[in-house]
Amino acid sequence: MASGYLISTADGRSLDVFGLFSVPAILTGLPDQADLAGEVHLVLAIALVTLAAVHALAALKHHFIDRDATLLRMLGRRPARR
């Protein structure tokens, strides 16, 4: 979130939020602010997608390899009694 804010306000303009209010550009004038914040934004986005994929794979591992009820519980279903 902070990196997106830094990208959007790098030129000194405030950030308009759905026409309801504006968030002022507080931190401006840093050298290559938009580029640096863009790099941070990209790295964090890749990390988030990677974590989500690992989480999904772990749930599938529990379901298909461990054959436990973890995925069923995550989906809100009651596991069958053995």
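The numbers here are math on the coordinates, done by the rules we state, and not lab data. These numbers come from a predicted model, not from an experiment. Note that each Cβ is placed from the backbone with ideal geometry, even for glycine, and that neighbours are counted across all protein chains shown.
Given a Förster radius of 25 Å and the C-beta distance between L30 and H55 as r, what FRET efficiency does 1/(1 + (r/R0)^6) yield to the nearest 0.05?
Computed FRET efficiency for L30 and H55: 0.15.
Per DSSP H run of at least 4 residues, take -39500 (n - 2.57); add these up for the chain, divide by its residues and hand me the 222 nm value, nearest 500 deg cm²/dmol.
Theoretical 222 nm ellipticity from helices: -17500 deg cm²/dmol.
(i) 26, 18, 12; (ii) 66, 26, 12; (iii) 44, 16, 6: which one is semi-axes √(5λ) of the Cα gyration tensor in Å as calculated from this entry?
(iii)
Whole-Hz ³J(HN,Hα) for each residue in region 54-62, computed from phi via Karplus 6.51 cos²θ - 1.76 cosθ + 1.60 with θ = phi - 60°, x for glycine and proline: what do you get?
5, 4, 5, 5, 5, 5, 5, 4, 4
Take I65 and Y5, extend 7 Å from each Cα along the Cα→Cβ direction, and tell me the distance between the two endpoints in nm.
In this crude label model, I65 to Y5 measures out at 4.0 nm.
For A34, what is the net charge nearby, where nearby means another residue's Cβ is under 13 Å from its Cβ and Lys, Arg count +1, Asp, Glu -1?
Taking every other residue near A34 into account, the sum is -3.
Please list, in order along region 17-34, the HN-Hα scalar couplings obtained from phi with the Karplus expression 6.51 cos²θ - 1.76 cosθ + 1.60 (θ = phi - 60°), rounded to whole Hz, x for Gly and Pro.
10, 6, x, 8, 7, 10, 9, x, 7, 8, 9, 9, x, 6, x, 6, 4, 5
With the contact rule set at Cα under 8 Å and sequence spacing of 6 or more, what percent relative contact order holds for the chain?
Here the relative contact order equals 21 percent.
Using the Cα centre of the chain as the reference point, and only Cβ charges (+1 on K/R, -1 on D/E), how large is the resulting charge dipole? Debye, rounded to the nearest 20.
Taking the Cα centre of the chain as origin, the dipole is about 1080 debye.
Obtain the nm distance between the two label points defined at A80 and F21 by a simple spin-label model: each point lies 7 Å from its Cα along the Cα-to-C-beta direction.
Each label point lies 7 Å from its Cα, and together they span 5.4 nm.
Enumerate the amide H contacts of L15 below 5 Å, restricted to partners 5 or more residues apart or on another chain; note that Pro and chain-start residues carry no placed amide H.
Residues meeting the amide H criterion: V23, A25.
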